[in-house]
Amino acid sequence: MRLTKVLGLIVIALLIVVNCSKNDEADVEAFLDRCWFVGGEVQTSDDSTNTPALASGPFITTDTFPFYVKWVRFIERPVERHYDIDVVGDSAFVTMTSYLQGTPPGYGFFVRNDTTNPMLIYDRVITDSIIRRIKCYRDDAGWHLAGITVADIYTVGTQHPVTITKVEVRVSDSLVFSVDDPNTYFTKEQLPTFLPGDTVEVTVYCEAQDDSTWAFLHHGAGHKPGIGLRRHWRQPFYRENTTTFTRTWVIADDSVIVTPAVRHSAVDVLGWETLFGDSTATYYSRAWALPYIVKSPTDTLPDDAEPE
């Protein structure tokens, strides 16, 4: 009888531990779903249309990208985030995964690149995967963001894998941010932080197996309590050489800025065949997406998440 009671107490204790763990995981997931710093990887990957703009000119030889090539990405929604959460005491270690899919004719990658027939649109299937790692910590007020990696977005099963080796960010010729590993964690204090009037220069180093690439810069997409979603900009980089691209933008050009604000950016590298190939070409890309902060010198850092 005594052994039965002991076993019963052990079972009850185990059930309490399991239930507490499940509750912790649910709380962490709820926090991440409200977090301003998570989710921008989807915003910066979707143009919400399957019709690229028509080419416009005139052609300028020093232009950053051939004027006649117009493309859009239209992904199937909803995009679900999957969280693998490991709660250890008052810390949580999270691996977030998502899948971006687009199957023509309604969804996918669409490009105009035929100079003899500007109305011709080629479509390509999108099969991209996203991996992002997040650290959280808990205090009496609930869960908070401790660190976040870039969202590593890559095409699954491609024969031409694209690699990003480094991204550097400068303001007034001073290096303010650099990342060369998609598994590096950044606290809020370490994320790129800009003044509303800053001019930002981004350099990306990249390559694709058995192909060339072109890089594009996404920025501006974001939100702030009471402000709502912002439009995101997508601009081609200037090609310095086969593996290096640069681009600048002025923060104030994004939109009317209410600080402090969390915005989302991405360095988006597409294969040459994807952009310039015909109907037989396939889609392959690599992107690193990361939030950035816009604030005035007197502002504090933005809150982690939308209030419950």
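The values are calculated or read from the model by the stated rules, or taken from the named source; none is laboratory data. What you see is a predicted model, and the numbers here were worked out from it, not measured in a lab. We place every Cβ from the backbone using ideal geometry, glycine too, and count neighbours over all the protein chains shown.
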| note | For strands (runs of 3 or more DSSP E) lying entirely in region 84-141, having 1 or more residues that are modelled with pLDDT of 95 or more, touching a Leu at 6+ places or on another chain (Cβ under 8 Å) and under 23 Å from Asp152 (Cα atoms) picks out 91-102, 126-139
| task | Scan region 124-151 residue by residue and report those that are among the acidic types (Asp, Glu) and surrounded by fewer than 19 Cβ atoms within 10 Å (Cβ to Cβ). | result | Asp139, Asp140
| task | Can you run down the residue pairs with Cβ atoms below 7 Å, 6 or more apart or on separate chains, where the first is in region 177-193 and in a loop (DSSP other than H, G, I, E, B) and the partner is among the acidic types (Asp, Glu)? | result | Pro182/Asp152
| query | Restricting attention to region 240-268, which residues are touching a Ser or Thr at 6+ places or on another chain (Cβ under 9 Å) and surrounded by fewer than 23 Cβ atoms within 10 Å (Cβ to Cβ)? | reply | Glu240, Thr242, Thr243, Thr244, Thr246, Arg247, Thr248, Trp249, Val250, Ile251, Thr259, Pro260
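Could you check region 282-300 and list, in sequence order, the residues that are touching a strand residue (DSSP E or B) at 6+ places or on another chain (Cβ under 7 Å) and part of a loop (DSSP other than H, G, I, E, B)?
First pass over region 282-300, keeping only residues touching a strand residue (DSSP E or B) at 6+ places or on another chain (Cβ under 7 Å): 282-295.
Of everything in region 282-300, those that are touching a strand residue (DSSP E or B) at 6+ places or on another chain (Cβ under 7 Å) and part of a loop (DSSP other than H, G, I, E, B) turn out to be Thr282, Tyr283, Tyr284, Lys295.
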| request: For region 71-116, enumerate the residues that are closer than 20 Å to Trp272 by Cα and surrounded by 19 or more Cβ atoms within 10 Å (Cβ to Cβ). | output: Trp71, Val72, Arg73, Phe74, Gly102, Gly108, Phe109, Phe110, Val111, Arg112, Asn113
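Determine, yes or no, whether Val28 is modelled with pLDDT of 95 or more, in contact with a Phe, Trp or Tyr (Cβ under 6 Å, 6 or more places away or on another chain), closer than 30 Å to Pro260 by Cβ and among the hydrophobic types (A, V, I, L, M, F, W, C). Spell out how you get there, then give the answer.
Numbers: modelled with pLDDT of 95 or more: yes; in contact with a Phe, Trp or Tyr (Cβ under 6 Å, 6 or more places away or on another chain): yes; closer than 30 Å to Pro260 by Cβ: yes; among the hydrophobic types (A, V, I, L, M, F, W, C): yes.
The answer is yes for Val28.
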| message | Filter region 260-270 down to the residues that are farther than 18 Å from Asp47 by Cα and touching a strand residue (DSSP E or B) at 6+ places or on another chain (Cβ under 6 Å) and list them by number. | response | Ala261, Val262
| request: Return a yes/no flag: does region 251-262 have any residue that is at pLDDT 90 or above and closer than 21 Å to Thr49 by Cβ. | output: no
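For the structure I just gave you, tell me whether Thr213 is β-branched (Val, Ile, Thr) and in contact with a Lys or Arg (Cβ under 9 Å, 6 or more places away or on another chain). Explain how you work it out, then say what you get.
Values: β-branched (Val, Ile, Thr): yes; in contact with a Lys or Arg (Cβ under 9 Å, 6 or more places away or on another chain): yes.
So Thr213 passes the test.
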